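Following: one structure in structure tokens, then a few remarks.
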Amino acid sequence: MQDTFIQAYPKLLQPSVAVAGLWLAHGDEPLLSQWLIDALRPHWRAQNYAIKRIELISVKSWQEVLSELGSQSLFDDASALIVTGNHKPDKAVITELERFAVEAQTGTHSHSLLWLTPKQDKRAQSSKWFTPFAQYGHVIDCNLYNEQQRQQLLQIQAQQFGLRLSQEAWQLLMSHTEHHLLSAYQTLWRLSYLFAPQLVAKNIEASQQADHSTQLPNNVALDIKDLQAALVSDAQFSVFDLSDAMLAGNSAQVAKIMFQLKATDEPTTLVLWAVSKDMRQIMQLMDGQDPQALGIWRSKQGLYQQACRRQSKAQTAEWPALLYKCDQAIKGLVRQPAWELLLQAALELSGKRLFTAR
């Protein structure tokens with residue numbers, strides 16, 4: 001079965017989805033691939049899947065994939081593999097994948113395999129390796145071909161954030177972000193913290209509980225005046241500016257932005273989210289994970305690699321404890337001020353250590 005992302009994504013947000021079998025997502029929009037994983041992950045968790053990533057470094061890597069799918073765990077009901085890389089399976093592996101897909105359809109097993117690849121043209125889609133996915137599995141085209149699809153997808157994301165924009169507001173948003181998908185998504189995220197923080201909290205809680213069925217209250221309606229006011233205030237520093245400064249290693253700018261965020265009463269939870277997101281992705285990159293598979297936008301991959309080179313495994317090993325302490329401070333469970341710890345974490349990420357372990 002073949003679908004476009006805009007057709008498949010809303011279905012995956014439903015409470016119950018059959019995830020066993022073969023999945024192939026191809027496209028040049030890393031954000032869509034990440035959203036696909038985010039939509040599937042709650043179903044995998046709800047069905048007690050063991051989730052693992054495998055990168056194809058050669059054709060032989062498919063043997064590791066098949067071996068993992070054939071293994072059994074005493075603690076998990078099935079395996080969900082996220083496979084990245086563009087090495088096509090050989091004839092023997094194609095036969096095994098076809099058998100795997102047929103057995104998933106008949107209920108012999110519940111394993112799930114999601115392969116993320118670059119965009120595949122019509123010639124590639126007529127190849128033998130493509131057949132098991134198209135004939136027995138799910139093929140999702142993770143590309144956007146027109147502005148209508150882009151706005152439809154962003155409307156779904158706005159609903160997840162608890163927002164409902166008027167048509168004029170949508171036009172302003174798309175113009176302001178120059179029809180850039182990630183920029184528009186980030187702006188919606190910021191709008192949600194301005195206008196619907198309680199809905200955002202409920203949405204995050206539902207996501208953490210792997211529950212797509214949680215119903216949010218009525219969405220907050222925004223017109224063009226609301227959006228104009230928000231975009232004007234957006235001229236001040238935001239957590240996204242903080243992220244850029246941290247990744248670039250500009251510690252002076254990091255301190256300046258942190259003091260501005262504190263002065264404007266930016267939610268400490270949002271600042272912690274920005275710092276922890278970048279720290280987690282840097283640790284994952286240093287462990288050898290693929291930046292595209294992590295959902296890192298291509299234009300920012302250079303900044304992340306630059307940040308990785310400033311750090312060592314010994315330094316990043318201390319980050320989880322520091323983030324936990326920030327969270328405790330925000331909740332009032334430790335005496336040290338939250339903003340002080342957040343500044344320490346942000347500066348450490350930028351390469352400026354305030355304290356040296358003895």
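A few comments on the model shown:
- Within segment 212-229, restricting attention to residues that are at pLDDT 65 or above, outside any strand (DSSP E or B) and of a type in the set (A, V, I, L, M), the residue that is farthest from P10 (Cα to Cα) is A229.
- Members of segment 77-94 that are more than 23 Å from Q292 (Cβ to Cβ) and either surrounded by 17 or more Cβ atoms within 10 Å (Cβ to Cβ) or not acidic (D, E) (or both): A78, K91, A92, I94
- Looking across segment 238-292 at every residue that is among the small types (G, A, S) and not in a helix (DSSP H, G or I), the one that is surrounded by the most Cβ atoms within 10 Å (Cβ to Cβ) is identified as S238.
- Flag for P118 being under 17 Å from F5 (Cα atoms), in the same structural domain as I37 (by TED's automatic domain parsing), in contact with an Asp or Glu (Cβ under 7 Å, 6 or more places away or on another chain) and not charged (D, E, K, R): yes
- Options A307, A314: the member that is surrounded by fewer than 18 Cβ atoms within 10 Å (Cβ to Cβ) and either touching a strand residue (DSSP E or B) at 6+ places or on another chain (Cβ under 6 Å) or among the aliphatic types (A, V, I, L, M) (or both): A314
Listed here are the residues, each with its yes/no results for (1) assigned to a helix (DSSP H, G or I); (2) in contact with a helix residue (DSSP H, G or I) (Cβ under 9 Å, 6 or more places away or on another chain); (3) under 15 Å from R280 (Cα atoms).
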site: L303; (1), (2), (3): yes, yes, yes
site: A307; (1), (2), (3): yes, yes, yes
site: L322; (1), (2), (3): yes, yes, yes
site: C326; (1), (2), (3): yes, yes, yes
site: V334; (1), (2), (3): no, yes, no
site: E340; (1), (2), (3): yes, yes, no
site: L343; (1), (2), (3): yes, yes, no
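- Per-region count, segment 142-167, residues in contact with a Lys or Arg (Cβ under 8 Å, 6 or more places away or on another chain) and either part of a strand (DSSP E or B) or among the basic types (K, R) (or both): 0
- Flag if G27 is of a type outside the set (S, T, N, Q), in contact with a strand residue (DSSP E or B) (Cβ under 8 Å, 6 or more places away or on another chain) and over 19 Å from S110 (Cβ atoms): yes
- Inter-residue pairs, beta-carbon under 7 Å, first crowded, with 18+ Cβ neighbours inside 10 Å and in segment 320-341, second of a type outside the set (D, E, K, R) and assigned to a loop (DSSP other than H, G, I, E, B), 6+ apart: A329/Q336; A329/P337
- Residue match in segment 158-165 (condition: surrounded by 16 or more Cβ atoms within 10 Å (Cβ to Cβ), outside the structural domain of V271 (by TED's automatic domain parsing), closer than 30 Å to D77 by Cα and touching a residue at least 24 places away in the same chain (Cβ under 8 Å)): yes
Each row is one residue, and each column tells you yes or no for (1) surrounded by fewer than 18 Cβ atoms within 10 Å (Cβ to Cβ); (2) under 16 Å from S112 (Cβ atoms); (3) without any contact (Cβ under 8 Å) to a residue 24 or more places away in the chain; (4) in the same structural domain as Q125 (by TED's automatic domain parsing).
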| position | (1), (2), (3), (4) |
| --- | --- |
| V19 | no, yes, no, yes |
| W23 | no, yes, no, yes |
| D28 | yes, no, no, yes |
| W35 | no, no, no, yes |
| W44 | no, yes, no, yes |
| A50 | yes, yes, no, yes |
| R53 | yes, yes, no, yes |
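- Test: residue in segment 104-125 that is part of a helix (DSSP H, G or I) and within 12 Å of W23 (Cβ to Cβ): yes
The values are calculated or read from the model by the stated rules, or taken from the named source; none is laboratory data. Because the structure is predicted, anything quoted here is derived from the model rather than measured. Positions of Cβ are generated from backbone atoms using ideal geometry, with glycine treated the same way; all protein chains shown enter the neighbour counts.
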